[in-house]
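Worksheet: the structure to be examined is printed underneath.
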Amino acid sequence: MEKRVNRSALLEFLAHGMRYAFPPVKGGMVRGIPTATATKPLNSQFLDDREPPPVWPYPEGTVRGLSFAPLFKSAPKAALADSRLYELLALCDAIRGGRTRERALAIELLGKALNA
């Protein structure tokens with residue numbers, strides 16, 4: 001029996017359960033790697049609101065911003081090695097900690113990625 005991901009159920013969980021199962025842990029200013037709306041593919045969709053960007057704390061990061069804990073401790077390193085993974089994790093972070101419009105666009109883009 002072949003195991004396959006139920007993509008519609010996964011998208012439903014990401015859209016409606018992600019921010020409750022994995023609530024965002026935010027902190028102060030740190031050096032790190034941009035996430036959520038501060039990186040592709042969402043950064044081109046929203047105007048700069050002059051707020052510090054959300055970043056995953058990471059010593060080799062190049063951006064200073066507000067700490068946004070990643071889903072898993074090694075996520076920043078893995079994301080730097082795989083740009084597609086980075087985009088998907090950033091979309092998940094937009095769902096976890098974004099405003100309504102940001103979450104809606106992130107859900108739409110994740111849906112497209114899951115069905116590609």
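The values are calculated or read from the model by the stated rules, or taken from the named source; none is laboratory data. Keep in mind that what you see is a predicted model, and the values were worked out from it rather than measured. Here Cβ is always computed from backbone atoms with ideal geometry, including for glycine, and neighbour counts include all displayed protein chains. For accessibility, only protein heavy atoms count, side chains too; no ligands or nucleic acids. Shrake-Rupley method; radii C 1.70, N 1.55, O 1.52, S 1.80 Å.
Within segment 89-102, being assigned to a helix (DSSP H, G or I) and either in contact (Cβ under 8 Å) with a residue 12 or more places away in the chain or in contact with a Leu (Cβ under 7 Å, 6 or more places away or on another chain) (or both) holds for Leu89, Ala90, Leu91, Cys92, Asp93, Ala94, Ile95, Arg96, Gly97, Arg101, Glu102. Taken across segment 69-90, residues that are open to solvent by 50 Å² or more (accessible area, probe 1.4 Å), under 13 Å from the mean Cα position of the chain (by Cα) and charged (D, E, K, R) do occur, with at least one present. Inside segment 39-64, residues that are at positive phi and at pLDDT 95 or above make up a count of 0. Leu42 versus (1) open to solvent by less than 20 Å² (accessible area, probe 1.4 Å); (2) outside any loop (DSSP other than H, G, I, E, B): which is the lone unmet condition? Result: Leu42 passes all but (2).
Listed by first and then second residue, the pairs with beta-carbon distance under 9 Å, at least 6 apart or on different chains, first residue in segment 18-35 and of a type in the set (A, V, I, L, M), second open to solvent by 80 Å² or more (accessible area, probe 1.4 Å), are Ala21/Phe13; Met29/Arg64; Val30/Arg64; Ile33/Glu60; Ile33/Thr62; Ile33/Leu80. Number of residues in segment 51-68 that are surrounded by fewer than 20 Cβ atoms within 10 Å (Cβ to Cβ) and under 16 Å from Phe22 (Cβ atoms): the value is 1. Of the set (1) assigned to a helix (DSSP H, G or I); (2) within 16 Å of Leu105 (Cβ to Cβ), all apply to Pro76 but (2). Of all residue pairs spaced 6 or more apart or on separate chains, those with beta-carbon atoms under 8 Å, a first member in segment 105-116 that is at pLDDT 95 or above and a second member that is of a type outside the set (Gly, Ala, Ser) and not in a helix (DSSP H, G or I) are Leu105/Leu42; Leu105/Gln45; Ala106/Leu42; Leu109/Pro41; Leu109/Leu42.
Does Arg84 meet the test of being assigned to a helix (DSSP H, G or I), free of Cβ contacts under 8 Å to residues at least 24 places away in the same chain, within 19 Å of Leu10 (Cβ to Cβ) and of a type outside the set (Phe, Trp, Tyr)? Yes.
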